[in-house]
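Remarks on the structure that follows.
The values are calculated or read from the model by the stated rules, or taken from the named source; none is laboratory data. Treat the numbers as computed from the prediction; the structure is a model and nothing was measured. Glycine also receives a Cβ, built like all others from the backbone with ideal geometry; neighbour counts cover every protein chain displayed.
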Amino acid sequence: EGNSVLICALQNRFVRSANYLLEFKNINVNLKNNNGITALICATINGFIVIVNNLIRHHDVDINGYDVDHRTALIWSAISGHLEIAKVLLETHSIYVNKIDAYGMSALTESVVKRRENITQLLISNPKVNINIKNNKGQTSLMLAVIESSISTILILIEHDAILINDIDNIGRTALIHAVIQQNIVVTEILLSNNERVDINVKDDNNMTALMHATYLGNKDIVSLLLRFKNIDVNIQDKSGSTALIIAVSNSYDEISKLLLNDSNIDLNL
């Protein structure tokens, strides 16, 4: 695997041996194995905060060194859930907090996906962190929290002043549209509670709105919830020219059709 003696000691959890090796000032702490793992990354993955502190304070460690998947120690701290190590890393002046890996995942987005709520809170409290950073699919931390149905994380994120609640991914979907597609009415309600900020009529790449997705899925409860908002446009047409009403009628969703027909703004001639 191309391990240096220091990495070998850390991988075998020989912490005392690793500390002894670090007493030698001529040791190269930035050597990588065949997977691009450095001593700092290895110590982070294993939760060896004493080693992390030793490397940072007494050696010329590359704090932003990354493995073959472009994951840094900070990203690994989020994946592994080591809060105290994340704190130590963030205290270094040269840390690059928004580094993304080969999949477009940052420390923040990894913390959301792995449900490391304490690390998510730590990261978004850092002024350098881009809360709206996107992965390779164009998904933000908020979208990922919605997809994971992580309600506590969603509540943390939407309270942040910099959050772009109407941001879209690579196929035009917002956090709200993702919530509807997940058929998660609780998350949908949370997002809609920010009604002054949420654009309920955003269209994805197929020209489908949240209402149209809810209708297509036959989710009467979410359709009813969306229709409570006065600014909802019930007559938007998708790329095939279908409105929410046409989708409901075409799928024999009688109850949803009735809900839509009760809306005073419905256009029966589209």
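Worth pointing out:
- When we screen Ile95, Ile75, Ile51 for residues that are over 24 Å from the mean Cα position of the chain (by Cα) and of a type outside the set (D, E, K, R), the only hit is Ile51.
- Flag for Asp199 being modelled with pLDDT of 95 or more, more than 16 Å from Lys258 (Cα to Cα) and surrounded by fewer than 19 Cβ atoms within 10 Å (Cβ to Cβ): yes
- Conditions (1) part of a loop (DSSP other than H, G, I, E, B); (2) at pLDDT below 95; (3) surrounded by fewer than 14 Cβ atoms within 10 Å (Cβ to Cβ); number of the one not met by Asn3: (3)
- Test set (1) surrounded by 15 or more Cβ atoms within 10 Å (Cβ to Cβ); (2) touching a Ser or Thr at 6+ places or on another chain (Cβ under 9 Å); (3) over 30 Å from Ser149 (Cβ atoms) - Ile37 fails condition number: (2)
- Being farther than 30 Å from Ile51 by Cβ and in contact (Cβ under 8 Å) with a residue 12 or more places away in the chain is a description that does not apply to Val113.
- Filter result for Asp204 (of a type outside the set (Lys, Arg), under 19 Å from Thr140 (Cα atoms) and outside any helix (DSSP H, G or I)): yes
- Scope the stretch 178-231; condition out of contact with any helix residue (DSSP H, G or I) (no Cβ under 9 Å at 6 or more places or on another chain), under 16 Å from Asp167 (Cα atoms) and not polar (S, T, N, Q); matching residues: Glu196, Asp205
- Qualifying residue in the stretch 35-49 (condition: out of contact with any Cys (no Cβ under 6 Å at 6 or more places or on another chain), part of a helix (DSSP H, G or I) and either aromatic (Phe, Trp, Tyr) or at pLDDT below 95 (or both)): no
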